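Report on the following structure.
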Number of protein chains: 4
Amino acid sequence: MSSGDSLQGLIEQVNAFADERDWRQFHSPKNLTMALAVEAAELLEIFQWVDSNDSLVLTDAQRVASEHEVADILLYLLRFCEMTGIDLIAAAQDKIKLNAQKYPVELAKGKATRSIDL
Amino acid sequence: MSSGDSLQGLIEQVNAFADERDWRQFHSPKNLTMALAVEAAELLEIFQWVDSNDSLVLTDAQRVASEHEVADILLYLLRFCEMTGIDLIAAAQDKIKLNAQKYPVELAKGKATRSIDL
Amino acid sequence: MSSGDSLQGLIEQVNAFADERDWRQFHSPKNLTMALAVEAAELLEIFQWVDSNDSLVLTDAQRVASEHEVADILLYLLRFCEMTGIDLIAAAQDKIKLNAQKYPVELAKGKATRSIDL
Amino acid sequence: MSSGDSLQGLIEQVNAFADERDWRQFHSPKNLTMALAVEAAELLEIFQWVDSNDSLVLTDAQRVASEHEVADILLYLLRFCEMTGIDLIAAAQDKIKLNAQKYPVELAKGKATRSIDL
């Protein structure tokens, strides 16, 4: 199945899921940003004591847990975009273009962004 | 442009962007979960003092800021899945099925999940 | 018990707790910022579907859960300051002074900081 | 100055600061948990691309940035406790006792908590 059909399919499923349960009332954009941040922290939690290098190869348990959390993050992201009318793919495409200007290769190569420099 | 081509297109762009800048060295799964959580908090920040009801209609400034942040969240999510070999769409589809079992309509209707009940 | 003795007492207890369990090895500043962010999100989670106005009066369950999370946040904050040699109280006193300059009463009165203005 | 006087002094300063600026209206517990999570993520951001081992010795810039963020976290934590009537020190003392039961030395020694085990 192409990811295109799947992303649109996911959007429809997320919305149907929420409507069947009468959850729209809880899904203000404000609340959805909280739910999304909570899921992002659950993904973070999997790796909080794991060494950066060790994290390059996930254990089975880390993989399963990560799959659940990336899914939750995406589902809330899609729901937030639904409730705000934001086109997620278009926003991401625009942001990559913007990032290319902010971080031209010749200046950014090999250097971490948002690092605190002396 | 179908979102399918676009999601795959985004994945390719994100990876090319990071490779051109020799950023793979910074992109351990652990580090990427941190970057993602930072972006999720930047989305949160837009609404921290905004009333839940007021957040139902975004101001222009809130919309532009939200577009940047949802884009950043998606891009780091795609990069995390790239570095861990996780199929994001499949994970999301599986999670919706799991959620349907955890929150059957007859029990969940009208009730917020993860609420603290007396 | 004065909170002064208690804060110093807490610092000593947190350090003893970690040393008894040989946890220093996990407590790099980087890792501690992750653990702290995870706890901050657990506090967030208690209120994610709760209306802002309703949150003004905590239910018993919300209170108990909040007590656990504010405790966890403080304990990790103290541990981070221990591992980095940061004087938390002094840093907070300095920040209030800085904030007073950034947000003079005549300009800030009645206006939320970090709000997205049109 | 003893940290006891200072913690109580900080609590009074934070409350006076907010009252002078008529900010109580924005400081629902829900909103304060969002502001606190935002600050926790700003602390996280300082270290997102920094290697765990390298983070053991902060650069001057990392130190200054960290001081600002730990201060912000503590100030919002104190404000949240003020608005909810939670005794932060007592909550932390209770949590350490609870943690000692959850993580007895003989079982927890040398093992990270919240790690994902195979």
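The values are calculated or read from the model by the stated rules, or taken from the named source; none is laboratory data. As the structure is a computational prediction, the values presented were derived from the model and not from experiment. Neighbour counts run over all protein chains shown; Cβ positions are idealised from the backbone, glycine included.
A few points about this structure:
- Flag if C:Val38 is facing another protein chain (nearest Cβ under 7 Å), touching a residue at least 24 places away in the same chain (Cβ under 8 Å) and in a helix (DSSP H, G or I): no
- Number of residues in segment D:15-35 that are at the interface with another protein chain (Cβ under 7 Å from one of its Cβ atoms) and assigned to a helix (DSSP H, G or I): the value is 9.
- Filtered by the rule that a residue be touching a residue at least 12 places away in the same chain (Cβ under 8 Å), more than 7 Å from every other protein chain (Cβ to nearest Cβ) and either in contact with a strand residue (DSSP E or B) (Cβ under 9 Å, 6 or more places away or on another chain) or closer than 26 Å to A:Asp54 by Cβ (or both), segment B:60-107 gives B:Tyr76, B:Leu78, B:Arg79, B:Glu82, B:Met83.
- Note on segment D:1-33: residues that are at pLDDT 95 or above, among the hydroxyl-bearing types (Ser, Thr, Tyr) and over 16 Å from the mean Cα position of the chain (by Cα) amount to 1.
Conditions (1) assigned by TED's automatic domain parsing to the domain that holds A:Arg24; (2) over 20 Å from D:Leu44 (Cβ atoms); (3) of a type outside the set (Val, Ile, Thr), marked per residue:
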position: A:Gln62; (1), (2), (3): yes, no, yes
position: A:Glu67; (1), (2), (3): yes, yes, yes
position: A:Glu82; (1), (2), (3): yes, yes, yes
position: A:Lys97; (1), (2), (3): no, yes, yes
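- Every residue from segment B:44-59 that is facing another protein chain (nearest Cβ under 7 Å), charged (D, E, K, R) and assigned to a helix (DSSP H, G or I): B:Glu45
- Residue in segment B:66-87 that is more than 15 Å from the chain's Cα centre (by Cα) and acidic (Asp, Glu) present: no
- Residue in segment D:6-26 that is among the β-branched types (Val, Ile, Thr), in contact (Cβ under 8 Å) with a residue 12 or more places away in the chain and within 17 Å of C:Ile96 (Cβ to Cβ) present: yes
- Scope segment A:59-108; condition among the aromatic types (Phe, Trp, Tyr) and buried (at least 18 other Cβ atoms within 10 Å of the Cβ); matching residues: A:Tyr76, A:Phe80
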